[in-house]
Amino acid sequence: MKVRVLVRPKSGILDPQGEAVKSALPALGFEGVGNVHVGRLIELEVERIDEMDAMCRRLLANPTIEEYEWEVIS
Amino acid sequence: MRIGVAIFPGSNCDRDALFAVEQMGADPVELWHADADLKAVDAVIVPGGFSYGDYLRPGAIARFAKVMGPLEEFARAGGPVLGICNGFQVLTEAHLLPGALLRNIDMRFVCRRVRVRVESTETPWTSGCESGEELMLPVAHNEGNYFADEATLKELEDEGRVVLRYLKNPNGSANDIAGVCNEGRNVVGIMPHPERVSDPVLGSEKGLKILRSVLVGARI
């Protein structure tokens, strides 16, 4: 089955990429943009989903600085 | 003394580190990422570069390379390990050092010489320095912004485990931290590159002060 993993900076952790995007948007004329956070989308095909959390904790995300969520998409 | 330098695909300071080991007067030993043992080295340097292209996160993939198994064992047994730049990132990903290295606060790759202060000489990699000594060392990184949660930072400060501190913070790192050590003090991670200042022809040999520390008190 196909799984989609979303990894993002933990709340409260400085996100320089998000800040850079946030300040770039008004420069293009897009006003009214609030906080921006940049994360990572990982799609993978797996045979069993009982290992998903372990995969996320050990490799796909770094729990010290990131949080993750995953869902089966097909 | 035999000093190993771990080499991953994408490491690019491995040659510099091997050269610096020679400059120290020790025997350099190449440790390939697929090696299953550490070739009886007395200390290990995990060099800078972009191991595995920095894919996913810097150091995230290197952490699972074959050579990391014996390296982790060596570190947990008290063997001296020094992670430089990407090597520092690898050691945090491997949980041999606390915290993580985030993107530089201004999103710019920083490549220049910076002044750092030696905050602790109680590690095998700084024992040859003087406490409070200031060194001018090169940095070259995109993710050098040290992060750890409040409790961990307090622990590092209280236990004197901040090894190097920037005088002028180049990347946004917490408490101006440029290098830390583990609880056992044998594993040290630093963002500056001492191997790049290991010969007068490179403009300075200040880096040898750090690297040569490991020879002090070692079985040579």
_Breaking point among (1) surrounded by 17 or more Cβ atoms within 10 Å (Cβ to Cβ); (2) away from chain B (no Cβ under 12 Å); (3) not hydrophobic (A, V, I, L, M, F, W, C), for A:Glu71_ = (1)
*In the range B:52-83, how many are within 14 Å of another protein chain (Cβ to nearest Cβ) and buried (at least 18 other Cβ atoms within 10 Å of the Cβ)?*
11
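If you take the residues in the range B:12-28 that are more than 17 Å from the chain's Cα centre (by Cα) and of a type outside the set (D, E, K, R), which one is nearest to B:Glu195 (Cα to Cα)?
Per the criteria, the residue is B:Gln23.
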*Here are some conditions: (1) assigned to a loop (DSSP other than H, G, I, E, B); (2) among the acidic types (Asp, Glu); (3) surrounded by 20 or more Cβ atoms within 10 Å (Cβ to Cβ). B:Asp35 meets all but one. Which one does it not meet?*
(3)
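Can you find a residue in the range B:184-203 that is surrounded by fewer than 16 Cβ atoms within 10 Å (Cβ to Cβ), in contact with a helix residue (DSSP H, G or I) (Cβ under 9 Å, 6 or more places away or on another chain) and at pLDDT 95 or above?
yes
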*Single condition A:Ser23 does not satisfy, out of (1) within 13 Å of chain B (Cβ to nearest Cβ); (2) within 23 Å of B:Ile61 (Cα to Cα); (3) free of Cβ contacts under 8 Å to residues at least 24 places away in the same chain; (4) not aromatic (Phe, Trp, Tyr)*: (2)
*Selection from the range B:99-120 of residues that are more than 8 Å from chain A (Cβ to nearest Cβ), assigned to a loop (DSSP other than H, G, I, E, B) and either modelled with pLDDT under 95 or out of contact with any His (no Cβ under 8 Å at 6 or more places or on another chain) (or both)*: B:Arg108, B:Glu119, B:Ser120
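Which one of these is within 14 Å of chain A (Cβ to nearest Cβ), of a type in the set (Gly, Ala, Ser) and surrounded by fewer than 22 Cβ atoms within 10 Å (Cβ to Cβ): B:Gly172, B:Gly144?
On the way: B:Gly144 fails: surrounded by fewer than 22 Cβ atoms within 10 Å (Cβ to Cβ).
Among B:Gly172, B:Gly144, only B:Gly172 is within 14 Å of chain A (Cβ to nearest Cβ), of a type in the set (Gly, Ala, Ser) and surrounded by fewer than 22 Cβ atoms within 10 Å (Cβ to Cβ).
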*For residues that are among the charged types (D, E, K, R) and surrounded by 21 or more Cβ atoms within 10 Å (Cβ to Cβ), tally how many sit in the range B:84-108.*
2
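Looking only at the range B:54-75, decide whether some residue is of a type in the set (Ser, Thr, Tyr) and either part of a helix (DSSP H, G or I) or in contact with a Pro (Cβ under 9 Å, 6 or more places away or on another chain) (or both).
For the range B:54-75, residues of a type in the set (Ser, Thr, Tyr) and either part of a helix (DSSP H, G or I) or in contact with a Pro (Cβ under 9 Å, 6 or more places away or on another chain) (or both): absent.
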*Residues being under 17 Å from B:Arg2 (Cα atoms) and hydrophobic (A, V, I, L, M, F, W, C): count how many of those fall in the range B:52-76.*
4
*Taking the condition part of a loop (DSSP other than H, G, I, E, B), over 27 Å from B:Leu71 (Cβ atoms) and within 12 Å of another protein chain (Cβ to nearest Cβ), does B:Gly132 pass?*
no
*Tell me, please, whether a residue that is touching a strand residue (DSSP E or B) at 6+ places or on another chain (Cβ under 8 Å) and on the phi > 0 side of the Ramachandran plot can be found in the range B:137-150.*
no
*Filter result for the condition that a residue is within 14 Å of chain B (Cβ to nearest Cβ) and on the phi > 0 side of the Ramachandran plot, over A:Gly39, A:Gly12, A:Gly32*: A:Gly12
*Kindly provide the set of residues from the range A:43-74 that are touching a strand residue (DSSP E or B) at 6+ places or on another chain (Cβ under 7 Å) and under 21 Å from B:Leu101 (Cα atoms), ordered by number.*
A:Cys56, A:Leu60, A:Ala61, A:Asn62, A:Thr64, A:Ile65, A:Glu66, A:Glu67, A:Tyr68
_Quick test of your reading of the structure: B:Ala151 fulfils all but one of (1) within 14 Å of another protein chain (Cβ to nearest Cβ); (2) in contact (Cβ under 8 Å) with a residue 12 or more places away in the chain. Name the failing condition by number._
(2)
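The values are calculated or read from the model by the stated rules, or taken from the named source; none is laboratory data. Because the structure is a prediction, the values reported are computed rather than measured. Ideal geometry is used to build each Cβ from the backbone, glycine not excepted, and the neighbour counts take in all protein chains shown.
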